[in-house]
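The values are calculated or read from the model by the stated rules, or taken from the named source; none is laboratory data. Remember, predicted model here, so these are calculated numbers, not experimental data. In this analysis, Cβ positions are derived from the backbone assuming ideal geometry, glycine residues included, and neighbour counts consider all displayed protein chains. Remember, those area values only see protein heavy atoms, side chains included, never the ligands or the DNA or RNA. Shrake-Rupley method; radii C 1.70, N 1.55, O 1.52, S 1.80 Å.
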Amino acid sequence: PSVPRHTNRLINEKSPYLLQHAHNPVDWYPWGQEAFDKAKRENKLIFLSVGYSTCHWCHVMEEESFKSKEIGEIMNKHFVCIKVDREERPDVDKVYMTFVQATSGGGGWPMSVWLTPDLKPFAGGTYFPPEDRVHRVGFRTVLLRIAEQWRENKDALLESSQRILEALRHTSEIRVQGQGSPPPSKEVMDTCFQQLSRSYDEDYGGFSKSPKFPTPVNLNFLFTYWALHRTTPEGARALQMALHTLKMMAHGGIHDHIGQGFHRYSTDQHWHVPHFEKMLYDQGQLAAVYSKAFQISGDEFFADVTRDILLYVSRDLSDQAGGFYSAEDADSYPTTTSKEKREGAFCVWAAEEIRALLPDPVEGATEGTTLGDVFMHHYGVEEAGNVDPMKDPHQELKGKNVLIARCSPELTAARFGLEPGQLSALLQECRQRLSTARAQRPRPHLDTKMLAAWNGLMISGFAQAGAALAEQSYVSRAAQAASFLKTHLFDPASGRLLRSCYRGKDNSVEQSAVPIQGFLEDYVFVIQALFDLYEASLEQGWLEWALHLQHMQDKLFWDPKDFAYFSSEAGDPSLLLRLKDDQDGAEPTANSVTVTNLLRAACYSGQMDWVEKAGQILAAFSERLQKIPITLPEMTRATAVFHHTLKQVIICGDPHSEDTKEMLHCVRSVFSPNKVLMVADGDSAGFLYRQLPFLASLERKDGKATAYLCSNFTCSLPVTSVQELRGMLSP
């Protein structure tokens, strides 16, 4: 590699995204006091660029503009330029994205915002081409115009930025209105179901025509809706919508049939041509959703997809110390000699490549059939490529194939005169050969940043899958990751979580010079993970840590005046707004998940003020939940859990004895959205007995493992048979 011509301050950062820009001719600063002081001292505007390392258009804007010497000179002359990794600093990202969305009607990354020296935004957008185009103003033009405005009309700009900030403060407030009670669960659930049902794609599943996102929050909502309406046509439809969507996604090109795991989203209606990056938060949530689909349906297909996701994460996104990496990029070099990266290059195939890899004749098939014939038919491979040119604006996928299961195994087997069992083994052999060939290609960039929140989502995925599939190795992997968080992303002195750590040289785990403190989402997703891990492992230490973190979350983020939690803590003068997210998107919003966390925490601790807090959050979001619950499906789901009261399933018995294990297996194999599981093992000095003294009054009947179903700490009659227990668990 040649010696870089330029090096800026980002070379001292740990974030892979910031390091990608360390050799731009732009004099980038990280977000921090040094940049703010320079802007004030020199009376310069700030240009803020926010993105993340696997963002395709961020790469494009860097190549076109930030690597341009001429544009770099304009930026350095007129602005103090700051680069932010939105995954490290979601707080900064949210403040300025709120501004961009409010003023331009859209948003996305890269986000480009111009700020006054005191950090108030007055102009912004997303991607800009370097030069003017027919319908788009170029980045160079925008830079020069804004610099001129600052010279000529500084007072007007300052006044306008102040007005904008006041308007943003006003519109972003979420507070309890009127009498302040939680909205009625039945109406909110029904409205959300109807809104999802109207946007559902009957043919291909999912909830829009294109682009199509996995949206696990919608699927979790539908499973809960089904559980509460099992005997009604609406309940049956909710289940059908969720399972059909999951099947179509697993068959589609959004699912990596060779390398496992799921890509970010599909650009078309058919789940066929994806944006190829793979994000940890998708894998964690989808592993949990496919586990639930298996619990509900008993269909091994869903268990296999769960295993597929967890294989990918264990192999490709796992740090040797136990944490999980953030993402894999969409772009990579097609060959080792290529000069330019292409989107999807690592994952797509030319027909002749597949023929060359799979030339063998197939025994027992119709005359002259090769492995290639069978594989290409099953996965929709076409000689000229199977990507619609409309979905490939840059012609990066011309002549290539994105694999998509076009036929059922039965149809493919019948087509070639094979037995279904024989076909399954053949396709497995074909995928293995393609996987070996693909391993020779240059890999996409791996973002080795490790985030507390996303690690939390992935721990939940492993823990829930381990419980539902009765797979102890998944529970152990979840526990290993939770131990990693406690070692590397938790400060025992302050009792607080940290946001991020990084893979360093020699595969060590590194922390930045000034560690970033955890945000609300870090606490919420880690607490959820620890509850899931307790239910899967019965290790009470995870429960104890979860309750400690819940107290800390209350202290740092709770809004005692208007209720619900702020996304970031108070006291950072560089943050103009403290916001509360109000939309469940690719990840559920933290306030949505925390409702269920609080209800679980109350069940494990007996602290009923947490139930009150859960109700206050629902009251704060009440208006939105009643009008457009489709924007908050996870919080909508939580309203049902709140109103139906969580059931404590308590098993008295030795966790290692066979009768207790049978009962645990029964509880874990049944999908029941409003239960918490605990084992009363007779250890009166244990953490649970100290939290819940009433456990001491529950005992084993006739010396056998015995189950109790409790609600608000009042318990049912004891049962000792698995059949009775199963009956108790079904609503």
**OP:** Hey, can you tell me all the residues within the stretch 563-573 that are buried (at least 16 other Cβ atoms within 10 Å of the Cβ), of a type outside the set (Phe, Trp, Tyr) and touching a residue at least 60 places away in the same chain (Cβ under 8 Å)?
**Re:** Ala564, Ser567, Ser568
Subject >> Selection from the stretch 1-55 of residues that are in contact (Cβ under 8 Å) with a residue 12 or more places away in the chain and of a type in the set (Lys, Arg) >> reply: Arg5, Arg9, Lys14, Lys38, Lys40, Lys44
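For the stretch 615-696, list the helices (runs of 4 or more DSSP H) that sit wholly inside it and hold at least 1 residues that are crowded, with 22+ Cβ neighbours inside 10 Å and touching a strand residue (DSSP E or B) at 6+ places or on another chain (Cβ under 8 Å); which are they?
658-669
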Original post:
Do we find a residue being out of contact with any Gly (no Cβ under 7 Å at 6 or more places or on another chain), at pLDDT below 95 and of a type outside the set (Asp, Glu) anywhere in the stretch 274-282?
Top reply: yes
Subject >> Failed item, numbered, when Thr706 is tested on (1) within 23 Å of Gln540 (Cβ to Cβ); (2) loosely packed, with under 14 Cβ neighbours inside 10 Å; (3) of a type in the set (S, T, N, Q); (4) at pLDDT 90 or above >> reply: (2)
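Does at least one position in the stretch 118-134 carry a residue that is over 26 Å from Ala570 (Cβ atoms), among the β-branched types (Val, Ile, Thr), at pLDDT below 95 and not in a helix (DSSP H, G or I)?
The answer is yes, given that some residue of the stretch 118-134 is over 26 Å from Ala570 (Cβ atoms), among the β-branched types (Val, Ile, Thr), at pLDDT below 95 and not in a helix (DSSP H, G or I).
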**OP:** Please list, ordered by first then second residue, the pairs with beta carbon atoms under 9 Å, 6 or more apart or interchain, first in the stretch 145-159 and free of Cβ contacts under 8 Å to residues at least 12 places away in the same chain, second open to solvent by 60 Å² or more (accessible area, probe 1.4 Å) and outside any helix (DSSP H, G or I).
**Re:** Lys154/Asn43
Subject >> Pairs with Cβ under 6 Å, 6+ apart, first in the stretch 384-398 and of a type outside the set (S, T, N, Q), second open to solvent by less than 80 Å² (accessible area, probe 1.4 Å) and not in a loop (DSSP other than H, G, I, E, B) >> reply: Gly385/Asn401; Glu396/Glu343
Original post:
If we keep just the residues of the stretch 346-374 that are touching a Pro at 6+ places or on another chain (Cβ under 8 Å) and assigned to a loop (DSSP other than H, G, I, E, B), which is farthest from Asp256 (Cα to Cα)?
Top reply: Gly368
Original post:
How many residues does the stretch 57-81 hold that are acidic (Asp, Glu) and either open to solvent by less than 10 Å² (accessible area, probe 1.4 Å) or at positive phi (or both)?
Top reply: 0
Original post:
If you take the residues of the stretch 211-228 that are open to solvent by less than 40 Å² (accessible area, probe 1.4 Å) and over 20 Å from the mean Cα position of the chain (by Cα), which of them is farthest from His272 (Cα to Cα)?
Top reply: Ala227
Subject >> Pair list, Cβ under 7 Å, 6 or more apart: the stretch 312-339 residue more than 19 Å from Ile258 (Cβ to Cβ), other residue assigned to a strand (DSSP E or B) and of a type in the set (Asp, Glu) >> reply: Tyr325/Asp447; Ser326/Asp447
Original post:
Does the stretch 267-279 contain at least one residue that is charged (D, E, K, R) and part of a helix (DSSP H, G or I)?
Top reply: no
Original post:
Which of the residues belonging to the stretch 78-109 are without any contact (Cβ under 8 Å) to a residue 60 or more places away in the chain and among the charged types (D, E, K, R)?
Top reply: Arg86, Asp93
Original post:
Any idea which residue in the stretch 245-266 is farthest from Thr306 (Cα to Cα), counting only those that are of a type in the set (A, V, I, L, M, F, W, C) and in a helix (DSSP H, G or I)?
Top reply: Met248
Original post:
Limited to the stretch 585-614, what total is found for residues that are touching an Asp or Glu at 6+ places or on another chain (Cβ under 6 Å) and part of a helix (DSSP H, G or I)?
Top reply: 2
Original post:
Within the stretch 711-731, which residues are touching a helix residue (DSSP H, G or I) at 6+ places or on another chain (Cβ under 7 Å), open to solvent by 50 Å² or more (accessible area, probe 1.4 Å) and not in a helix (DSSP H, G or I)?
Top reply: Phe713, Pro731
**OP:** Output the number of residues of the stretch 512-549 satisfying the condition of being crowded, with 24+ Cβ neighbours inside 10 Å and among the hydroxyl-bearing types (Ser, Thr, Tyr).
**Re:** 2
**OP:** Working carefully through the options Ser181, Ser197, Ser185, Ser208, find the one that is of a type in the set (Gly, Ala, Ser), open to solvent by less than 20 Å² (accessible area, probe 1.4 Å) and over 21 Å from Gly72 (Cβ atoms).
**Re:** Ser185
